[in-house]
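The values are calculated or read from the model by the stated rules, or taken from the named source; none is laboratory data. Source: prediction; values computed, not measured. Every residue, glycine among them, receives a Cβ derived from its backbone with ideal geometry; neighbour counts consider all protein chains shown.
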Amino acid sequence: MEALQKTEDLTPESLAQRVAFLEAAILEKDAVISDQTTIISEKTDANSRLSAELQAERFKYAQLQRLIFGSKRERFVLASIPEQLKLEFEPKALEIEQAVLAERETIRVAYERKKAKKEHPGRMALPSHLPVVETIIEPTENTTGMVRIGEEVTEELDYTPAKLHINRIIRPIYIAKVDELGNQKQVIAELNRPIHKCIAGSSLLSMIFTDKFIFHLPYYRIQQRMGQMGVPIPTSTFESWVKLGAEHIKPLYAVHRLYFLSQIYQQIDESPIKVQDRDKPGTLHHGYMWVRYAPLPKAVLFEYYKGRAVKEPLRDLSEFKGYIQTDGYSGYTHLAETLGITHLSCWAHARRYFDKALQNDQQRASKVLKLIQLLYAIESLARESDMTHQQRHELRLDKSLPIINEIGAYIYAERNRVLPKSPIGVAFDYCANRWISLQNYLKDGMLEIDSNLIENSIRPLALGRKNYLFAGNHASAENIAMFYSFFGTCKKNDIDPQKWLTHVINNINDTKSSQLKHLLPQYIDRNLLA
């Protein structure tokens, strides 16, 4: 009542002042509340951002753990067991006999079990073109007076170790009688050897190069094998063979490159290779193999460059008119802006991003993966039906285009609903940034949906790096590129690389420059290699 009384005693002027004061206080408190609300909102956004970054980092950490600690045979190392030191180094004869009997019994039981479940289709038919070595085993019993009524024949596939031999070329020298002027004519056959300064024959050289680049054996192991054949080869001699053999066929590599660069559809990728460099003693130079594949002639081209920058390796594309297909490396982005080039991206790389995002957002990632799977099912149908390029083009426009439109609409609708740095956000961005180039394979039936063909072509280089580790110098790296180009093209065209290389070494000197094309694996007459 007292407060009311005091309020009633106030004059209109003082009451208005009091109301104004209270309104100002209320406005001030509202401003404070608004500021606090803004701070809370900012902190909430920051927390969400940090949570997304934390989730992304956890995903990367999980991927790294799987990479480091994944199931790889060479990483399983048996721990030292102290009790093993007490074991004898040589097992006793009785233990060996018992172990052998136990293993044989295990094999017999497993064989009987397997035989009872399913009838064996029979032994593999042995090739008829192989030479046959016959061995007749007579019974140990006395067969005197017995009549031979038949025989039982058992065949097995065996191996005769490789042997070296010497080609001794003898050229008789003839001389005519003295003519009226006292002259004598001497006649001898011309010596036509592929490489005059090299005592290694063409078959031996082709064996060395196929062992190196097909079976990935370092040169020193090939030397060891030849030593086991009874002919130890000095390292200096062996290296001279390799150098002379590579120089002998190098003109054909230049021809191969010219014909390759004329192809209107190429796939491009790159892979690192370590190289010894005199300018960097104690360290290895990090060079790059730039690899191209032309699907139409099934040709492979490796080129060695010291760096990954695209300016030098792709300088020929300044006047190129056609289709170039690459992975997601940012160095290729300028291709989409180059006049005359239609840039194609790879759906296999896009699929990998969604596959990685399955753990992060299974619903969205699986939705896109199922649609991409349909695209590949259409490609399988075209391949199995042996469609022409025109038929495959029409099939894609009829079946693939609606699916791609559905993928694009889904990415557009969901892209802003996910965190950009999350795995699913990265997958959406990868496709959105390359959406035109991902669709370009629909333009022609000769184009492929992905660049897996060139990745398969790079695989021999990856296997080789694990064996010979690095190239001895930059010239050796260039030779590696040459042989991988030839042998990769042989593989794509189902040609025996050793027979092909032997034929080339023997015939390249006698072939006109204008006809060297017909020595290339993609153009050679297969009857010459029979």
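Number of residues in segment 210-221 that are over 20 Å from the mean Cα position of the chain (by Cα) and not charged (D, E, K, R): the value is 2. Only helices (runs of 4 or more DSSP H) whose full extent lies in segment 447-508 are considered here, and the ones with at least 3 residues that are at pLDDT 90 or above and in contact with a strand residue (DSSP E or B) (Cβ under 7 Å, 6 or more places away or on another chain) are 474-492. Exactly one residue out of 282, 227 is assigned to a loop (DSSP other than H, G, I, E, B) and free of Cβ contacts under 8 Å to residues at least 12 places away in the same chain, and it is 282.
Within segment 170-193, residues that are farther than 30 Å from residue 509 by Cα reach partners that are loosely packed, with under 10 Cβ neighbours inside 10 Å and of a type in the set (Lys, Arg) with beta carbons closer than 8 Å, at six or more positions or on different chains, in the pairs 184/177. Is at least one residue of segment 385-402 touching a helix residue (DSSP H, G or I) at 6+ places or on another chain (Cβ under 9 Å), under 14 Å from residue 450 (Cβ atoms), without any contact (Cβ under 8 Å) to a residue 40 or more places away in the chain and not β-branched (Val, Ile, Thr)? Taking every residue of segment 385-402 in turn, none turns out to be touching a helix residue (DSSP H, G or I) at 6+ places or on another chain (Cβ under 9 Å), under 14 Å from residue 450 (Cβ atoms), without any contact (Cβ under 8 Å) to a residue 40 or more places away in the chain and not β-branched (Val, Ile, Thr).
When segment 381-395 is filtered for residues that are under 27 Å from the mean Cα position of the chain (by Cα) and part of a helix (DSSP H, G or I), the ones remaining, listed by number, are 381, 382, 383, 384, 389, 392.
Note on segment 403-446: residues that are assigned to a loop (DSSP other than H, G, I, E, B) and more than 15 Å from residue 348 (Cα to Cα) amount to 8. Might you let me know whether segment 257-272 holds any residue that is out of contact with any helix residue (DSSP H, G or I) (no Cβ under 6 Å at 6 or more places or on another chain), acidic (Asp, Glu) and surrounded by fewer than 17 Cβ atoms within 10 Å (Cβ to Cβ)? Checking segment 257-272: not a single residue is out of contact with any helix residue (DSSP H, G or I) (no Cβ under 6 Å at 6 or more places or on another chain), acidic (Asp, Glu) and surrounded by fewer than 17 Cβ atoms within 10 Å (Cβ to Cβ).
When segment 340-365 is filtered for residues that are among the hydrophobic types (A, V, I, L, M, F, W, C) and touching a residue at least 12 places away in the same chain (Cβ under 8 Å), the ones remaining, listed by number, are 341, 344, 346, 347, 348, 350, 354, 357, 365. Can residue 236 be described as crowded, with 17+ Cβ neighbours inside 10 Å and outside any loop (DSSP other than H, G, I, E, B)? It is false that residue 236 is crowded, with 17+ Cβ neighbours inside 10 Å and outside any loop (DSSP other than H, G, I, E, B).
Could you please let me know if residue 239 is under 30 Å from residue 135 (Cα atoms) and not β-branched (Val, Ile, Thr)? For residue 239, the condition - under 30 Å from residue 135 (Cα atoms) and not β-branched (Val, Ile, Thr) - is not met.
This table checks each residue for (1) in contact (Cβ under 8 Å) with a residue 12 or more places away in the chain; (2) aromatic (Phe, Trp, Tyr).
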site	(1), (2)
427	yes, no
431	yes, no
443	yes, no
448	yes, no
470	yes, yes
509	yes, no
514	no, no
518	no, no
524	yes, no
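A search for C-beta distances below 9 Å between a residue of segment 25-36 that is at pLDDT below 80 and any residue that is part of a helix (DSSP H, G or I), counting only pairs 6+ apart in sequence or on different chains, returns nothing.
Yes/no matrix, rows are residues, columns are (1) farther than 27 Å from residue 129 by Cβ; (2) over 28 Å from the mean Cα position of the chain (by Cα); (3) not aliphatic (A, V, I, L, M):
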| site | (1), (2), (3) |
| --- | --- |
| 479 | yes, no, yes |
| 495 | no, no, no |
| 499 | no, no, yes |
| 504 | no, no, no |
| 507 | no, yes, yes |
| 521 | no, no, yes |
| 529 | no, no, no |
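Is it the case that segment 145-155 has a residue that's of a type in the set (Ser, Thr, Tyr) and within 55 Å of the chain's Cα centre (by Cα)? Checked segment 145-155: at least one residue is of a type in the set (Ser, Thr, Tyr) and within 55 Å of the chain's Cα centre (by Cα). Residue under question is residue 463, and the condition is that it be on the phi < 0 side of the Ramachandran plot, touching a Cys at 6+ places or on another chain (Cβ under 9 Å) and in contact (Cβ under 8 Å) with a residue 60 or more places away in the chain; does it hold? In short, no. Listed by first and then second residue, the pairs linking a residue in segment 294-305 that is closer than 11 Å to residue 257 by Cβ to a residue that is in a loop (DSSP other than H, G, I, E, B) and of a type in the set (Asp, Glu), with Cβ atoms under 6 Å apart and 6 or more places separating them unless they lie on different chains, form an empty list. One residue is enough: does segment 442-451 have a residue meeting the conditions surrounded by fewer than 17 Cβ atoms within 10 Å (Cβ to Cβ), under 28 Å from residue 198 (Cβ atoms) and of a type in the set (D, E, K, R)? No, segment 442-451 contains no residue that is surrounded by fewer than 17 Cβ atoms within 10 Å (Cβ to Cβ), under 28 Å from residue 198 (Cβ atoms) and of a type in the set (D, E, K, R). Scanning segment 311-341 for residues that are in contact with an Asp or Glu (Cβ under 9 Å, 6 or more places away or on another chain) and either modelled with pLDDT of 75 or more or not hydroxyl-bearing (Ser, Thr, Tyr) (or both) yields 313, 323, 325, 326, 327, 331, 340. Among the conditions (1) over 26 Å from the mean Cα position of the chain (by Cα); (2) surrounded by 13 or more Cβ atoms within 10 Å (Cβ to Cβ); (3) of a type in the set (Lys, Arg), the only one that residue 417 does not satisfy is (2).
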